[in-house]
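Here is the structure we will look at.
Throughout, read-outs are computed from the coordinates displayed, never taken from laboratory work. Just so it is clear, the structure is predicted and the values come from calculations on it, not from any experiment. Cβ placement follows ideal geometry from the backbone for every residue including glycine, while neighbour counts extend to all protein chains displayed.
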Amino acid sequence: MGNQMKQEHKDYLEANIGNYHTVQNGYVRNLDIHLLNMYEHIYRENLDSQFVLTKWCSSCVMEMLQRLYGYYLSLPQESVQNLVQNHVQIESEIKVESQIEDAKRKRGRPKK
């Protein structure tokens, strides 16, 4: 239980974030048992290894999702930062290349 969540777990939480949005609105849909089992597994690995989810209890499921997504959203979003930095770097490289192309074009009249 560190400050590091497996990428596959982050991807799973991100792919199913709609369930968290319903919890934020005060309800939870009947979730498939496979979804609940995976949420429980991620919770045990990251928050509490002794945790047991009472799957038929909707308020228990809601509380688990709130805590799990609260933890997930509090993690440093390093991958998001990397994407932003890469995008900025690529944009600046494109600008330099287009300036070089402009300079080449302005060298006088084209030869006939």
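Could you check the stretch 1-29 and list, in sequence order, the residues that are in contact with a Ser or Thr (Cβ under 9 Å, 6 or more places away or on another chain) and surrounded by 10 or more Cβ atoms within 10 Å (Cβ to Cβ)?
Passing the criteria: 10, 28, 29.
Scanning the stretch 40-71 for residues that are outside any loop (DSSP other than H, G, I, E, B) and of a type in the set (A, V, I, L, M), which turns out farthest from residue 21 (Cα to Cα)? Reasoning before the result, please.
Step one: of the stretch 40-71, the residues outside any loop (DSSP other than H, G, I, E, B) are 40-46, 58-71.
From what is left, the residues that are of a type in the set (A, V, I, L, M) are 42, 61-62, 64-65, 68.
Values: 42: 18, 61: 13, 62: 11, 64: 13, 65: 10, 68: 13 Å.
The residue in question is 42.
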